Each structure stands twice: as C-alpha cells, then as structure tokens.
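Below is one structure; the comments refer to it alone.
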Amino acid sequence: MSDMSGNRNRTLKNPSVFISKPIPEVIVSLLKEHGFEVKVNNTSHKLSKSALIDACQQADYLLNVGMSALDKEFLQACKHLKGIALCSVGFDHIDLETASQYNIPVSNTPDVLSKATADTAFLLLLSVSRKSYFRSREIERGEWKNFEYMHQLGRDIQGDTLGIFGLGRIGFEMAKMARAAYGMRIIYHNRSRNPEAEDKLEAEYVSFEELLKRSDVISVHTNLTPDTQYRFDKVAFSKMKKNAIFINTARGKIHNETDLTKALIDKEIWGAGLDVTDPEPMLPDNPLLQMSNVCVLPHIGSATLETRTAMAEMAVRNLIAVSKNEQMPQIINKEFYSKSGAL
C-alpha cells in the first residue's frame, strides 16, 4: 500500500474529524473505535462557509455531508486537512484541483446508493405519469367532491421508450426496473457505450439528438460537468416528443429550470419529475409546484436508512485508511494527487 505522507507526517495519535451534519451513531462509533476524536455539527441548518472553515481549523479530517461548497477559498483556509470524505457520489461541489495542489486526498461514495436513487427516479416516473402528487394535494385542499370521468387524466407508460442520459449504475437500475415492470424499450446516450446494458437490457446506444427525438421518457443519471451543465435547455426540450416526461435525479444544473417551466407551460413536453432543482432548496412560490403534471421531491434519492448508513460507512472507511497512511479506497483525485508526489 502506498505511503501518502509526502512532506507531512500523517501519523497522529488522536486524529480528529469534523462531520458537517449528523450521521448514524453506529458510524460515529466506528470512528471512535479507530481512535478518532469526533465533532459533529448537530444543528439542523447548513453551515455557512465561514462557520465550516472555523469548525475545520481544529480538525485533521472532514467528513462532508451535503453539498457545502468546498471551493478554493475553503481549501486555502483549510489546507492543513489530511483528507476529505464526501458523503455523496457527486463531487462537483469541491475544487479537486486545489485539493490536489494541497495534497488533500478526496473520496466519494459510488455504487452504494445506485438502487435507492433509481427507485426515486422510478417513483417520480409513476407519480408524474398518473399525476398522483397533484391529485393527493387536491384532497388536502378539499377539492375531492365527485367522480369526474375526464378530470386530470394521466397517461400510460407501458411499452414506452425510456431514454437514459448517463447509463451508469444508477441508470442501469432504473432501466432494469422500467423494462421489467412496463416492458419499456431502452435507448441511451453516454460518452462511451455500455456493453452490459446492451447485452442484458437490449439497450440501444444513440446520439443525443436521437435520444431527444425518440424517447417517451428521458431520465437523467449523469454527473454535472461543464459538458452536461444546462444540457437540457429550450433547444433540447423543443426537440422532445409532446408526450415526453423528463426525469432528473442527478443534479439540478443539468436542466435549465426556466426553460423547463416554459416547455411545460407551452406543452412542448408532457410532464416532469425532479429530485434535484436549481437552486436547492426550491423556493415555495416556484410555478413548477403548482403544475398537475410535475412532481418535485427535496433531493431524497439516497434517503433510506440502509443507504445513508452504507454511504456514511464508506466515507468513514476512507478516512480510516488515509489516517493509516493508506490510499483511500474511493479516492477521486488520485490522478491529480499523484502529480504531487504524495502517492
């Protein structure tokens, strides 16, 4: 196993870690069993950048829960950190290049939340197609009076074509469920082909233009990058089918929310299901929340006890590894970090 000490001594008698939001107590106990001094932000609100910087000043490691911006300013102020574990798959909220410049290894939590997030995408698809989210609120508003034969009808998805934008593990699980439950045909667009999906799901690789043109449902499962940011804009929505449903459980900035709202109002597409928004949290006066063919959830893709526990454990085991001068199992800046000579 490679030594990651570089020019710094990483062997600490009592390493300390700051956890930015509460995690399962059993995982906190795991850190303590490995000799860590643990401090947890037990408040319900998100820490400001300055508060997070202050909290990390006395810590050797950070377990970042949520989407706090770990940008250049934060990393410059906390360049003493010996490791950062993200309790998320996405890592667009950290400046990896600056972290690497300061020899700070960074890890994420891939794979463990794939099924839970795919379940959420599937939940959104059903909620939108049957308008169940909106219809449930009709009861709360006292609007369920009589049986109305043609009121707020949903639409069938049996045998539809599901287009996956970003067919990795989460997209694979979503496609598998859709194919098994509703006999949906699978097409997808990736930077590279997915032989497993083509073999097991008969998924068809298509261009982005073909994905827009042929999909009855588009489900987004890609990372947020400069190439994917606002990829679904007014031009993209205008090329989609009139009956199309747009699902996004990845990152809010992959779709342009203003353009999505207009596409729905103008009936360029049929409906939308979002577990991610731009910004987060979504403001309560957002017009999307009043639409019968839209379902918005508060970023709950991985929100099961089992999944969140597994994510926290993976994050913690990455910190335990680096505290022992070992490479993080899920390190995400290995390429940059290697250039520093620390690996």
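Each residue in region 157-186 was checked for being surrounded by 22 or more Cβ atoms within 10 Å (Cβ to Cβ) and assigned to a strand (DSSP E or B), and 5 of them qualify. Of the residues that make up region 135-153, is at least one within 27 Å of Arg251 (Cβ to Cβ), out of contact with any Lys or Arg (no Cβ under 9 Å at 6 or more places or on another chain) and surrounded by 15 or more Cβ atoms within 10 Å (Cβ to Cβ)? No, region 135-153 contains no residue that is within 27 Å of Arg251 (Cβ to Cβ), out of contact with any Lys or Arg (no Cβ under 9 Å at 6 or more places or on another chain) and surrounded by 15 or more Cβ atoms within 10 Å (Cβ to Cβ).
Of the numbered criteria (1) at pLDDT 95 or above; (2) within 26 Å of the chain's Cα centre (by Cα), the one Arg191 fails is (1).
Tell me, please, whether a residue that is modelled with pLDDT of 95 or more, farther than 28 Å from Ala250 by Cα, among the hydroxyl-bearing types (Ser, Thr, Tyr) and in a helix (DSSP H, G or I) can be found in region 14-29. Looking through region 14-29, at least one residue is modelled with pLDDT of 95 or more, farther than 28 Å from Ala250 by Cα, among the hydroxyl-bearing types (Ser, Thr, Tyr) and in a helix (DSSP H, G or I).
When you look at Leu62, is it within 16 Å of Met314 (Cα to Cα) and assigned to a strand (DSSP E or B), yes or no?
Numbers: within 16 Å of Met314 (Cα to Cα): yes; assigned to a strand (DSSP E or B): yes.
Criteria met by Leu62.
Considering the conditions (1) more than 30 Å from Thr277 (Cα to Cα); (2) at pLDDT 95 or above, Thr11 is excluded by exactly one of them, (2). So Asn146 fits all but one of (1) under 30 Å from Met291 (Cβ atoms); (2) within 25 Å of the chain's Cα centre (by Cα); what number is the exception? Single failed check for Asn146: (2). Inspect region 47-67 for any residue being in the same structural domain as Ala315 (by TED's automatic domain parsing), under 27 Å from Leu167 (Cα atoms) and touching a strand residue (DSSP E or B) at 6+ places or on another chain (Cβ under 8 Å) and give the result as yes or no. Yes, because at least one residue in region 47-67 is in the same structural domain as Ala315 (by TED's automatic domain parsing), under 27 Å from Leu167 (Cα atoms) and touching a strand residue (DSSP E or B) at 6+ places or on another chain (Cβ under 8 Å).
One line per residue, one yes/no per condition, for (1) modelled with pLDDT of 95 or more; (2) part of a helix (DSSP H, G or I); (3) at positive phi:
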| residue | (1), (2), (3) |
| --- | --- |
| Ala51 | yes, yes, no |
| Lys79 | yes, no, no |
| Gly90 | no, no, no |
| Val112 | yes, no, no |
| Leu123 | yes, yes, no |
| Phe134 | yes, yes, no |
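Condition check for Met67 on (1) buried (at least 16 other Cβ atoms within 10 Å of the Cβ); (2) under 30 Å from Lys241 (Cα atoms); (3) hydrophobic (A, V, I, L, M, F, W, C): one failure, at (2).
The values are calculated or read from the model by the stated rules, or taken from the named source; none is laboratory data. Just so it is clear, the structure is predicted and the values come from calculations on it, not from any experiment. FYI the Cβ positions are ideal-geometry reconstructions off the backbone, even for glycines, and counts take in every protein chain you see.
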